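Take a look at the structure below.
Each reported figure results from applying straightforward, stated rules to the coordinates on display, with no laboratory input. Only a predicted model underlies this, so the values are computations on that prediction, with no experimental measurement involved. With ideal geometry, Cβ positions are generated from the backbone for all residues, glycine too; neighbour counts draw on all protein chains shown.
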DNA sequence: CGGGCCATTGACATCCATCAAAGCGTGTGG
DNA sequence: CCACACGCTTTGATGGATGTCAATGGCCCG
């Protein structure tokens, strides 16, 4: 949440949270087509969002963790335009969008914050397009892992150790690769001494080598 | 712009336009890293937006035409996060973002409109991710052409004829393909009687066939 | 009218997908 | 609490779609 607010403003922003909701692993927070009413702020847990084409293919569009916002895609058409699914037991704050709009008319810092959140998502998406459009499998995975560990580190976790909450298939969907390619590439990183891979437990042994794959 | 406004509100929204700016083909409206101050509404002409990775690769993230908004990616960090370049001579309205924020606190319909524009961009980006992550070259190109012609049709142009403002390389960058693949795929569509291709002049001969490539 | 950019086309290489099989973990129910 | 089954992951063999390199040709703009 934004900084530099009056206590009074802060109190009102806190008041936006209408309720909390707990989800179990694999439970959907919302589905594509469902009526849009609220944004959700993740308190704990990890989510994935996915879109599907009419012929059944689907694509993971992102992985979200504590502090990040879900539901922005619903604003435009008054219905959610993707599925959001918990990858582990999770808890979210439910924030009715109408209340956000009302309060952000009175609290410029909140208004600014909302705009920034949406803009940040747009910039992130453009980065993913760059990845999907022009990188090779190893680079994609390196970018993915570095991004993940950086976000985890910002939340107080290790800079080098991580527990993947998503399957190889979900990673592959996000990165535009098949699950076998994800698995093979992880194995290659392990062979090269860049990673230690124990199922979903990863340990980054040579962060600079990963960096170099992105920035050769 | 939104509908159902009071004349007074409409007048004030019109007043947001600080100036207009004309651009020549290949001229940049803004560059990555430049200070963000305004959004731009396209009056005439076509633009591309592109992002670049540090090692020089770049990726076209979209093609924009009359009525669409450029610059949303700049909000988050107070500087533009992509390049926007005119693909033909063009004219835009310059809309200072500060004024938008101020006025949208007083005019809920404007506030809502801004939110929808940003949300629409997010949804569009997710669609592109689906395309880049899971479609084959022919499907990508079919989706691209159908989208383009639909947007042109909404602006009063033909439902079947179009003049590409972008090169094969730019299309390829957008679709995650090499220019040769774009060219070959267009040639194949022509052989199959789906398209007539005369350099950048395209004519869709069998729209249903294109549709079926997307939705098999 | 000419030069340079853009597009087309061919031959070949490469990366990743596909198909297949086996191993490992996890969690679930008896 | 243990055992089994299922899902997830790994790994191998093979093929196909697209990238790469190269040469030619056409169009547009200056």
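Structural remarks
- Cα long-axis angle, helix A:137-154 against chain A (0 to 90 degrees, to the nearest 10): 50 degrees
- Placing a pseudo-label 7 Å from each Cα along the Cα-to-Cβ vector at residue B:179 and residue A:22 gives an inter-label distance of 5.9 nm.
- Separation of alpha-carbon centers, the stretch A:11-62 and the stretch A:88-143, rounded to whole Å: 12 Å
- Most mobile listed residue (B:57, B:112, B:151) in chain B, GNM with C-alpha springs under 10 Å: B:57
- Cα gyration tensor category, rounded, prolate or oblate, for the protein assembly as shown with a/c compared to 1.5: oblate
- For A:128, A:123, the sequence from fewest to most other C-beta atoms within 10 Å is A:123, A:128.
- Residue with peak Gaussian network fluctuation, chain B [Cα springs, cutoff 10 Å], from B:100, B:42, B:122: B:122
- Cα-based helix-to-principal-axis angle, B:108-134 vs chain B, degrees rounded to 10: 20 degrees
- Average partner coverage of B:70-79, which counts Cβ from other chains inside 10 Å: 4
- Residue-averaged beta-carbon neighbours from other chains (10 angstrom radius) around B:109-115: 3
- Relative contact order, percent, the stretch A:90-216 [alpha-carbon distance under 8 Å, six or more residues apart]: 20 percent
- Extending 7 Å from Cα along the Cβ direction at residue B:106 and again at residue B:89 yields two label points whose distance is 3.8 nm.
- Shielding by partners - mean other protein chain Cβ count within 10 Å, residues of A:128-141: 6
- For residue A:203, inter-copy separations between label points set 7 Å beyond Cα along the Cβ vector come to 6.7 nm, shortest first.
- Shape of the stretch B:139-216, Cα gyration tensor, a/c cut at 1.5: rounded
- Copy-to-copy label distances for residue B:154, where each label lies 7 Å from Cα along Cα-to-Cβ, are 3.2 nm in order of increasing length.
- Relative contact order for chain A: 19 percent, from Cα pairs under 8 Å spaced at least 6 residues apart, divided by residue count.
- Fewest-first ranking of B:77, B:134, using other Cβ atoms within 10 Å as the exposure measure: B:77, B:134
- Candidates A:61, A:46, A:181: whichever shows maximal mean-square fluctuation once chain A is modelled as a Gaussian network with Cα springs under 10 Å: A:181
- In this assembly of identical copies, the label point of residue A:11 (Cα plus 7 Å along Cα-to-Cβ) is separated from its counterparts by 4.0 nm, sorted shortest first.
- Separation in nanometres of the label points that stand 7 Å from Cα toward Cβ, at residue B:191 and residue A:207: 5.1 nm
- Cα gyration tensor shape of chain B, rounded if a/c is under 1.5, else prolate or oblate by comparing a/b with b/c: prolate
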